[in-house]
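K.L.:
Before we start, here is the structure in question, set down as structure tokens.
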Amino acid sequence: MIPVIALTQLAFISLAVVFAKILFRADGADAASGFALWVQQHGMWLFLVPVAWVILARVCETVRRAPLSPPVARAMGVTLSVAAFVFLLVVTVNRQ
């Protein structure tokens with residue numbers, strides 16, 4: 001379950017970063033919104049979120065006294081996937 005959730009997060013984040021870069025280049029630097037400019041400059045750091053979640057989820061599965069239980073870690077991963085999807089929607093719709 002962890003690899004599926006992680007790949008979903010990575011897919012949504014990578015689509016959002018790619019769409020932001022395409023929209024930024026299509027609109028030009030002067031017409032782009034502040035959010036598109038931020039994604040253009042700092043979007044690659046968002047790829048650390050799924051990596052950090054995978055590490056946390058694996059620790060929760062293998063360590064006896066983990067900081068979270070495995071179902072809570074999976075729920076947290078699903079929540080991050082939904083947040084990444086919302087991020088994708090905001091990037092593609094917000095063209096001010």
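K.L.:
Can you tell me the dipole magnitude for the chain around its Cα centre, using point charges on the Cβ only (Lys, Arg +1; Asp, Glu -1), in Debye to the nearest 20? Don't skip to the end; give the middle numbers.
P.N.:
Details: 7 positive and 3 negative charges, 65 e Å.
Dipole about the Cα centre, nearest 20: 320 debye.
K.L.:
List the trypsin sites (Lys or Arg not before Pro) within the range 1-79 that fall in a DSSP loop (any state other than H, G, I, E or B) and whose Cβ has at most 15 other Cβ atoms within 10 Å. Walk me through the numbers before you get to the answer.
P.N.:
Numbers: sites: Lys21, Arg25, Arg58, Arg64, Arg65, Arg74; in loops: Arg64, Arg65.
Counting only loop positions with at most 15 other Cβ atoms within 10 Å, the trypsin sites (Lys or Arg not before Pro) in the range 1-79 are Arg64, Arg65.
K.L.:
Using the basic label-point model (7 angstrom from Cα toward the beta carbon), what is the Ala26 to Thr92 distance in nanometres?
P.N.:
1.1 nm
K.L.:
May I pose another question? Quick one: what do you get for the chain if you divide its Cα Rg by 2.2 N^0.38 Å? If you can, show how the numbers build up before the last one.
P.N.:
Numbers: Rg = 15.7 Å, N = 96, 2.2 N^0.38 = 12.5 Å.
It is 1.26.
K.L.:
Just name one of Thr62, Gln41, Pro3: the one whose Cα is farthest towards the positive end of the charge dipole of the chain (beta-carbon charges, Lys/Arg +1, Asp/Glu -1).
P.N.:
Of the listed residues, the answer is Thr62.
K.L.:
Okay, next question. Anything in the chain that counts as a DSSP H helix reaching 24 Å or more along its axis (C-alpha) with Kyte-Doolittle mean of at least 1.0? List them, would you? If you can, show how the numbers build up before the last one.
P.N.:
Working: long enough: 2-27 (37 Å, 1.72); 70-93 (34 Å, 1.88).
Helix filter hits for the chain: 2-27, 70-93.
Any read-out appearing in this document is the output of simple, stated calculations on the displayed coordinates, not a laboratory observation. Since this is a predicted model, take the numbers as computed values, not measurements. When we count neighbours, we look across all protein chains shown, and the Cβ atoms used for this are built from the backbone with ideal geometry, even at glycine.
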